[in-house]
Amino acid sequence: MRILVVEDEHRIANAIKKGLEQERYAVDVAYTGPDGFDLASTEDYDGIILDIMLPEMNGIEICKNLRQNKIHTPILMLTAKGQTEDKVKGLDAGADDYMTKPFSFDELLARIRALTRRKGVVLSADLSVGGLILNKKLYSVKRDNEEIKLSSKEFSLLEYLITNKNTIITKDQIISHVWDYDADILPNTIEVYIKNLRNKIDKPFKNRKPLIHTVRGFGYKIEEK
C-alpha cells in the first residue's frame, strides 16, 4: 500500500512517514502544496494524507484540483483548526475524511484503513489464496500451517499480490505500490523478489499447485489454478 503525506511541518510529516513505514506502507512526503499536487496527480496512491495549511497552494485547492482532474484517490484532510467551517470546506472540496491536530496515530491508521476499504482494497487481517494465509496484524505468512519467513519487502509484495489476486499486475504497478517515490528500483529487481517469493511459498510445497504465475509480456498474478 502506498500513501502520500502532504504536510509542511517536517516533524509531523516525518513522524507519520516513520509510523506508516513500520506498518509496512510505502510512503512519499511532500512539504509544499505544489509538490504535493504534482505527486498526487502523477503517481498512483492508495491514499493521501493532506494538510489544509500549506505554503503556496493549500489543501483545499489541491483537493479541488485533483477532483476536477478526475483523480479520486481517498483523501484524509488534516488541520490544526477545529472549526466546523474548515471541516465543511474540506469535505465540500472532495475530501473523504477529516482529522484535527493533535491526533492519535492509532486513529490515523484506522481512518486510513477505512478510506482504502472504500476504494475497494481489501484490508482484512487475513488474506488467503491456495492454502497460503498472510496476516497483516501479526506480519505472519503460513502455507498449510507451515510458517514462512519473509523480509519486509517480500511481505509487502506478497500482500499486494494477494490483495489483487487473480489480476495481472505489471512491474510498474508493483514498483508504484510497494516502493516509495525515491526508491531506485529497476524492473530486474522485481524479478529477483518474485523469484525469492516463489522459492519460499511455491517450491517447498510439492503437493500444491504454484501460486505465482508469470504472464509473459504483461506481469504477474497470484492464483490457484
Given (1) outside any loop (DSSP other than H, G, I, E, B); (2) at pLDDT 90 or above, index of the condition K149 fails: (1)
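Quick grid of which residues meet (1) out of contact with any Cys (no Cβ under 7 Å at 6 or more places or on another chain); (2) of a type in the set (K, R); (3) surrounded by fewer than 18 Cβ atoms within 10 Å (Cβ to Cβ):
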site: L4; (1), (2), (3): yes, no, no
site: H10; (1), (2), (3): yes, no, yes
site: Q22; (1), (2), (3): yes, no, yes
site: D28; (1), (2), (3): yes, no, no
site: H72; (1), (2), (3): yes, no, yes
site: L91; (1), (2), (3): yes, no, yes
site: A95; (1), (2), (3): no, no, no
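Are any residues in the stretch 57-103 on the phi > 0 side of the Ramachandran plot and free of Cβ contacts under 8 Å to residues at least 12 places away in the same chain, and if so, which ones?
Let us first name the residues in the stretch 57-103 that are on the phi > 0 side of the Ramachandran plot, namely 70, 94.
If the condition is that a residue be on the phi > 0 side of the Ramachandran plot and free of Cβ contacts under 8 Å to residues at least 12 places away in the same chain, then K70 is the only one that fits.
Quick check on this structure: which one of L161, L197 is under 13 Å from the mean Cα position of the chain (by Cα) and assigned to a helix (DSSP H, G or I)?
L161
Okay, residues lined up against (1) modelled with pLDDT of 90 or more; (2) exposed (fewer than 12 other Cβ atoms within 10 Å of the Cβ):
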residue	(1), (2)
V121	no, no
A125	no, yes
Y139	no, no
F155	yes, no
L158	yes, no
T163	no, no
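Looking at the stretch 44-60 only, could you name the residues that are surrounded by fewer than 15 Cβ atoms within 10 Å (Cβ to Cβ) and in contact with a strand residue (DSSP E or B) (Cβ under 8 Å, 6 or more places away or on another chain)? Give the steps one after another, and end with the answer.
Initial filter on the stretch 44-60 (surrounded by fewer than 15 Cβ atoms within 10 Å (Cβ to Cβ)): 44, 55-56.
Of everything in the stretch 44-60, just one residue is surrounded by fewer than 15 Cβ atoms within 10 Å (Cβ to Cβ) and in contact with a strand residue (DSSP E or B) (Cβ under 8 Å, 6 or more places away or on another chain), namely D44.
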Can you pull out every residue in the stretch 166-175 that is touching a residue at least 24 places away in the same chain (Cβ under 8 Å) and surrounded by fewer than 19 Cβ atoms within 10 Å (Cβ to Cβ)? N166, T167, I168, T170, K171, Q173
Residue check, L161 within 25 Å of A40 (Cα to Cα), without any contact (Cβ under 8 Å) to a residue 60 or more places away in the chain and outside the structural domain of E23 (by TED's automatic domain parsing): no
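State all residues of the stretch 127-141 that are free of Cβ contacts under 8 Å to residues at least 60 places away in the same chain and over 19 Å from K221 (Cα atoms); if no residue qualifies, say none. Talk me through it step by step, then tell me what you get.
Initial filter on the stretch 127-141 (free of Cβ contacts under 8 Å to residues at least 60 places away in the same chain): 127-128, 133-135, 137-138, 140.
Result: N135, K137, L138, S140.
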Being free of Cβ contacts under 8 Å to residues at least 60 places away in the same chain, out of contact with any His (no Cβ under 8 Å at 6 or more places or on another chain), more than 23 Å from V27 (Cβ to Cβ) and of a type in the set (F, W, Y) is the filter here, so list the residues in the stretch 181-225 that pass it. F218
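Residue by residue, here is whether (1) basic (K, R); (2) modelled with pLDDT under 95; (3) more than 20 Å from the chain's Cα centre (by Cα) holds:
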| site | (1), (2), (3) |
| --- | --- |
| R2 | yes, yes, no |
| E7 | no, no, no |
| Y25 | no, yes, no |
| V29 | no, no, no |
| F37 | no, no, no |
| D44 | no, yes, no |
| D51 | no, yes, no |
| L54 | no, yes, yes |
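The values are calculated or read from the model by the stated rules, or taken from the named source; none is laboratory data. Just so you know, these numbers come straight off a predicted model, no measurement behind them. Note: ideal-geometry Cβ built from the backbone for every residue, glycine included; neighbour counts use all protein chains shown.
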